[in-house]
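Enquirer: Please see the structure below; I have some questions.
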Amino acid sequence: MAVGDAWACTNPSLGRGATIGLRHVVALRDVLAEATPRSPVELVERFAVETAATVEPLYHDAVDFSRHRLAEIDAQIAGRPYETDDLAWRLGQALRHASTRDPDLLRAFISVATLLERGVDVFRQPGVAEKALALGTPTAPPGPGREELLELLAA
């Protein structure tokens with residue numbers, strides 16, 4: 001039975017592949033510990049159900065993040081802000097920015113970044129989404145902007 005990257009690969013820049021793979025192995029261990037099937041097909045089907053419940057959401061979260069991040073990079077190259085109607089992306093970015101301003105939001109951000117919790121679960125906690133949106137306005141990073149940097153490089 002395929003686990004980890006043999007089952008599905010995610011963007012390595014997130015640093016979540018090993019954790020997702022380990023969680024997948026734990027899911028397989030749990031299925032095997034409870035298994036008494038007489039049929040290999042039944043065993044594989046049980047593992048597929050467990051994978052769908054425990055690992056697949058993490059995979060989809062990573063794919064969604066990568067899709068948005070690539071679109072954000074394209075927008076930055078084009079010199080325009082990235083805009084999306086995807087509330088999950090906007091909340092995640094607000095949490096990331098707000099995590100530098102509030103210790104509770106920092107803990108929430110770390111729990112998502114380390115896959116202890118999913119973003120959807122963190123934002124179900126009372127007040128987290130509201131506080132993240134209130135404090136999560138991004139600030140310009142230090143240093144030159146893209147245009148100024150290009151001018152400096154051309155000089």
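Enquirer: Tally time: how many residues in the stretch 85-116 are surrounded by 16 or more Cβ atoms within 10 Å (Cβ to Cβ) and assigned to a loop (DSSP other than H, G, I, E, B)?
Expert: Counting residues in the stretch 85-116 that are surrounded by 16 or more Cβ atoms within 10 Å (Cβ to Cβ) and assigned to a loop (DSSP other than H, G, I, E, B) gives 3.
Enquirer: If you don't mind, there's one more thing I want to ask. If I filter the stretch 36-68 down to residues being loosely packed, with under 13 Cβ neighbours inside 10 Å and not in a helix (DSSP H, G or I), which single residue comes out as modelled with the highest pLDDT?
Expert: Once the filter is applied, the top-ranked residue is Ser39.
Enquirer: How do the pairs read when you match residues in the stretch 138-155 that are under 13 Å from Pro81 (Cα atoms) with residues anywhere that are part of a loop (DSSP other than H, G, I, E, B), using Cβ under 7 Å and keeping only pairs 6 or more apart or on different chains?
Expert: As it stands, the answer is Arg146/Gly79, since those pairs meet every condition given.
Enquirer: Also, I was wondering about something else. Please pick out the residue among Ala27, Ala48, Ala8 that is without any contact (Cβ under 8 Å) to a residue 24 or more places away in the chain, more than 26 Å from Val128 (Cα to Cα) and among the aliphatic types (A, V, I, L, M).
Expert: Ala48
Enquirer: Separate question: Do you know which residues across the stretch 9-21 are under 19 Å from Ala48 (Cα atoms) and either of a type outside the set (Gly, Ala, Ser) or not assigned by TED's automatic domain parsing to the domain that holds Pro40 (or both)?
Expert: If the condition is that a residue be under 19 Å from Ala48 (Cα atoms) and either of a type outside the set (Gly, Ala, Ser) or not assigned by TED's automatic domain parsing to the domain that holds Pro40 (or both), then Cys9, Thr10, Thr19, Ile20 are the ones that fit.
Enquirer: Okay, next question. How many residues does the stretch 1-24 contain that are of a type in the set (Val, Ile, Thr) and either in a loop (DSSP other than H, G, I, E, B) or surrounded by fewer than 13 Cβ atoms within 10 Å (Cβ to Cβ) (or both)?
Expert: Looking only at the stretch 1-24, we keep the residues that are of a type in the set (Val, Ile, Thr), and these are 3, 10, 19-20.
Now restrict to residues that are either in a loop (DSSP other than H, G, I, E, B) or surrounded by fewer than 13 Cβ atoms within 10 Å (Cβ to Cβ) (or both): 3, 10.
Counting residues in the stretch 1-24 that are of a type in the set (Val, Ile, Thr) and either in a loop (DSSP other than H, G, I, E, B) or surrounded by fewer than 13 Cβ atoms within 10 Å (Cβ to Cβ) (or both) gives 2.
The values are calculated or read from the model by the stated rules, or taken from the named source; none is laboratory data. Not measured: the values here are computed from a predicted model. Because the Cβ atoms are built from the backbone with ideal geometry, glycine has one as well, and the counts that use them run over all protein chains shown.
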